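Structure, as structure tokens:
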Amino acid sequence: MIKLYDTGAYLLNGTELVADTKDAQAVIKSKLGTEAPSREEAARGTIAYGILADHNTSGNMEKLQIKFDKLTSHDITFVGIIQTARASGLEKFPVPYVLTNCHNSLCAVGGTINEDDHMFGLTCAKKYGGVYVPPHQAVIHQFAREMLAGGGKMILGSDSHTRYGALGTMAMGEGGPELVKQLLEQTYDIDMPGVIGVYMTGAPVPGVGPQDVALAIIGAVFANGYVKNKVMEFVGPGVANLSADFRIGVDVMTTETTCLSSIWKTDETIKEFYDIHGRSADYKELNPAAVTYYDGIIHVELDKIKPMIAMPFHPSNTYTIEELNANLMDILDDVEKKALISLDGKVDYTLKDKVRDGKLYVEQGIIAGCAGGGFENICAAADILRGASIGYDEFTLSVYPASTPIYMELAKNGVLADLMETGAIVKTAFCGPCFGAGDTPANNALSIRHSTRNFPNREGSKIQNGQISSVALMDARSIAATAANKGYLTPATEFAGEYRHPVYHFDKTIYENRVFDSKGEADPSVEIKFGPNIKDWPKMPALTDHLILKVVSEIHDPVTTTDELIPSGETSSFRSNPLGLAEFTLSRKDPAYVGRAKEVQAAEHAREEGADPAGALAELAPVMETVKKAGYEINNENTGIGSTIFAVKPGDGSAREQAASCQKVLGGWANIANEYATKRYRSNLINWGMLPFLIPEGDLPFENGDYLFVPDIKEAVAKKAEEITVYNAGRGMQSFTVKLGDLTEDEREIILKGCLINYNRK
């Protein structure tokens, strides 16, 4: 089904693999009849290398400085991004920037907050020359597929699932500050990433959909980091056997592998996609070179993929549905053991009560968003459900088409009526179910979803209130088969009926009628509309010579998600209010964090005002005395006071910058980790002026509540010190070392200045 190569490999003429063994060059020569290129030369034959070279401005392909063609954000992120850019002197969007409104679309809670953000976005699109997509018109990534993507182009988005590789566009999801840099005509700076070939053969059997293929890949590569921070390049003869919608459905889920980006070979199928959407000129044929070298290979045998399920609480916790049904109690026992770690034992959690007559019963099905809401997914689900009923028991089914054009076509071809007749509810384009802002299940319920993530509380439950429900990820086809079976888990391969495969007709009239497109023309006379919840970023100090850091949270989960660092769902309305949102930091993981951080921040505020920090936080007095006795001359001018957290591997999941900025707003100066789950999260820390410290796995030289003294940190950052000595002032100045990892010159300067806003402020 999925095979990972232990070595790199050469791909010959896009079809044949040769493992990178000692006789690889001789094998290639014998097959081609000519001298084989070197590994380095063949590595330049990847599609990814060509696109990156076209967008690199550094002149050095080892140290990339990328300028993107287009940018895109949604209404949880664009306010903060534009506010940051405005503080840095923004006058005009230098490239097309699309502001969609698909996350905070519901305005039933929080007064005027959400719609105020939308009006902020509309007026900014007018003032700075952008594009504004009103609520319920399209989810961010479907609009980008329909209207933005282009062969050989690069798009940067402030949502982690910014992936348009199936359409020949290399897209990346990053935290907001990286978009700010592009708005200020700066660059996205990374080392040349490795490129992993995803070599596809065969064709999916009926009933297997894109989510099944995606989950099989995620299950094979997440835990071992096979593609972490690399580009996944989809090649091989099997690609031709997948429709455009199918490729898109696999592609969007590559985010869950922790890869940097993705790109696919393109062909007539993708050309047809552009033709259908009236953008034929944006198609470009992309293929690897005749001899191409990949740093690793994921061999996907499409014909052997079976309907999959990712059990709570991670997309990599995968099984075939057949395997789950055959070993139900054993697998549920394993899921519950893993849940004890994810949920910190805070609630009693079981799925065994879902077993009825030896079958797993689920209470909810959702087909939605950038992963599930595509035309083909919904039509296939309707084919399976046609003539059936979801019943009148607990099970419910909601379907969210990913854009209004898709919704309109479903209405025209009768699929909408077919679905509604079964008892399914069809709703407008909205990302809410993906992050807990819509269709939250009942307490103790299990929801099966064709969406992107199933982290703890991702669906909206609140563990701190004793409320827990959970999500399993599945393909729309098997969700429909389960719905037709009235909630009993069923793989779509058991459906013996006909798939009609209706033709899709795209009609952009609704976009022409409703979407504001400045065509790149800015109008400086437009006044931005600010709601009362839209606040400026607070002032943030520059890095001092030395730091005193109190450890205010200690997390030992194998992975800490951004959802756990700053919750999604009900907090979304506060994402335009830095101080308001910060009150929710770590609220689901460590509810005492905010209070502890504020106590330390009070001491820092006293320092900034020239007062005695120990006057605001008495426990600082002996710490400062210990540091002075060790021979360090510390005072208000040279020593900052802040907080830090430890987590084993923080930052899996969303690109949302607030996972880092909320810590900074509360006086955080650093994270300490064994490793960072994604580049996105580490970049967010840096752009908010926080030190991304690394320590090796093993016994911690500190614990929650300890004070750490970091001498000469400003000099260490400026002079590129590889190791930094830190002292635990509560343990007799016991020393240990941390590392910062690779930093670009700009990143060092951002940390020294205190944050990206300070770095750019005019």
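Of note:
- The residues of the range 713-734 that are over 36 Å from the mean Cα position of the chain (by Cα) and either among the aliphatic types (A, V, I, L, M) or exposed (fewer than 13 other Cβ atoms within 10 Å of the Cβ) (or both), listed by number, are A729, G732, M733.
- From the options G569, G610, G580, residue that is within 17 Å of V665 (Cβ to Cβ) and either under 19 Å from the mean Cα position of the chain (by Cα) or of a type outside the set (D, E, K, R) (or both): G580
- Restricting the range 369-408 to residues that are among the small types (G, A, S) and part of a strand (DSSP E or B), the residue that is nearest to Q211 (Cα to Cα): S398
- Lone unmet requirement of (1) over 23 Å from the mean Cα position of the chain (by Cα); (2) assigned to a helix (DSSP H, G or I) for P288: (2)
- Cβ-Cβ distances below 7 Å connect the following pairs, each with a first residue in the range 321-337 that is more than 17 Å from R477 (Cα to Cα), a second residue that is among the aromatic types (F, W, Y) and crowded, with 16+ Cβ neighbours inside 10 Å, and a separation of six or more residues or different chains: I331/Y319; E336/Y349.
- Restricting attention to the range 137-160 and to residues that are at pLDDT 95 or above, within 13 Å of S261 (Cα to Cα) and crowded, with 24+ Cβ neighbours inside 10 Å, the residue that is nearest to the chain's Cα centre (by Cα) turns out to be G157.
- As for the range 681-692, it holds at least one residue that is buried (at least 22 other Cβ atoms within 10 Å of the Cβ) and in a strand (DSSP E or B).
- Close pairs from the range 273-292: first over 30 Å from A19 (Cβ atoms), partner of a type in the set (V, I, T), Cβ under 7 Å, at least 6 apart: Y283/I270; K284/T266
- Cβ separations smaller than 6 Å between residues 6+ apart or across chains give the following pairs from the range 189-209 residues that are polar (S, T, N, Q) to residues that are surrounded by 19 or more Cβ atoms within 10 Å (Cβ to Cβ): T201/G236; T201/G238.
- Selection status of L4, within 21 Å of G236 (Cβ to Cβ), of a type in the set (A, V, I, L, M, F, W, C) and out of contact with any Lys or Arg (no Cβ under 8 Å at 6 or more places or on another chain): yes
- Test: residue in the range 648-671 that is without any contact (Cβ under 8 Å) to a residue 60 or more places away in the chain and within 23 Å of E178 (Cβ to Cβ): yes
- Qualifying residues in the range 586-602 (those that are touching a helix residue (DSSP H, G or I) at 6+ places or on another chain (Cβ under 8 Å) and touching a residue at least 60 places away in the same chain (Cβ under 8 Å)) - the one surrounded by the fewest Cβ atoms within 10 Å (Cβ to Cβ): P591
- One residue from R588, R514, R596 being under 24 Å from the mean Cα position of the chain (by Cα) and among the basic types (K, R): R588
- When the range 472-518 is filtered for residues that are free of Cβ contacts under 8 Å to residues at least 24 places away in the same chain and not hydroxyl-bearing (S, T, Y), the ones remaining, listed by number, are N485, A496, V503, E512, N513.
- Every residue from the range 644-680 that is hydroxyl-bearing (S, T, Y) and not in a loop (DSSP other than H, G, I, E, B): T644, S661
- Extreme residue, surrounded by the most Cβ atoms within 10 Å (Cβ to Cβ), among residues of the range 2-38 that are aliphatic (A, V, I, L, M) and out of contact with any Leu (no Cβ under 9 Å at 6 or more places or on another chain): A36
- Matching residues in the range 736-762 - criterion: being under 20 Å from V648 (Cα atoms) and not acidic (D, E): F736, T737, V738, K739, L740, G741
- For the range 193-206, the condition holds for at least one residue, the condition being that it is under 20 Å from the mean Cα position of the chain (by Cα) and surrounded by fewer than 24 Cβ atoms within 10 Å (Cβ to Cβ).
- When residues of the range 446-466 are limited to those that are of a type outside the set (D, E) and without any contact (Cβ under 8 Å) to a residue 40 or more places away in the chain, the one farthest from R163 (Cα to Cα): N465
- Exactly one residue out of E715, E703, E747 is in a helix (DSSP H, G or I) and within 30 Å of K629 (Cβ to Cβ), and it is E715.
- Within the range 379-417, the set of residues being over 31 Å from the mean Cα position of the chain (by Cα) and under 28 Å from A144 (Cα atoms) comprises D383, A411, K412, N413, G414, V415, A417.
Residue-wise test of (1) among the hydrophobic types (A, V, I, L, M, F, W, C); (2) modelled with pLDDT of 95 or more.
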| site | (1), (2) |
| --- | --- |
| I263 | yes, yes |
| T292 | no, yes |
| D303 | no, yes |
| M308 | yes, yes |
| P312 | no, no |
| K338 | no, no |
| I341 | yes, no |
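- Those residues of the range 317-349 which are among the small types (G, A, S) and surrounded by 18 or more Cβ atoms within 10 Å (Cβ to Cβ), in sequence order: A339, S342
- Hey, T396 in contact with a His (Cβ under 8 Å, 6 or more places away or on another chain), hydroxyl-bearing (S, T, Y) and not assigned by TED's automatic domain parsing to the domain that holds I76 or not: no
- If the condition is being more than 26 Å from G689 (Cβ to Cβ) and surrounded by 17 or more Cβ atoms within 10 Å (Cβ to Cβ), then the range 529-545 contributes only G531.
Here's the yes/no breakdown for (1) of a type outside the set (S, T, N, Q); (2) touching a Phe, Trp or Tyr at 6+ places or on another chain (Cβ under 9 Å); (3) farther than 24 Å from G175 by Cβ:
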position	(1), (2), (3)
S587	no, yes, no
A592	yes, no, yes
K629	yes, no, yes
A655	yes, yes, no
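- The residue of the range 571-585 that is surrounded by the fewest Cβ atoms within 10 Å (Cβ to Cβ), among those that are part of a loop (DSSP other than H, G, I, E, B) and either among the β-branched types (V, I, T) or without any contact (Cβ under 8 Å) to a residue 60 or more places away in the chain (or both), is E583.
The values are calculated or read from the model by the stated rules, or taken from the named source; none is laboratory data. Here the structure is a predicted model, which is why all the values come from computation and not from measurement. A quick note on method: Cβ atoms are made from the backbone with ideal geometry, for glycine too, and the neighbour counts reach across all protein chains shown.
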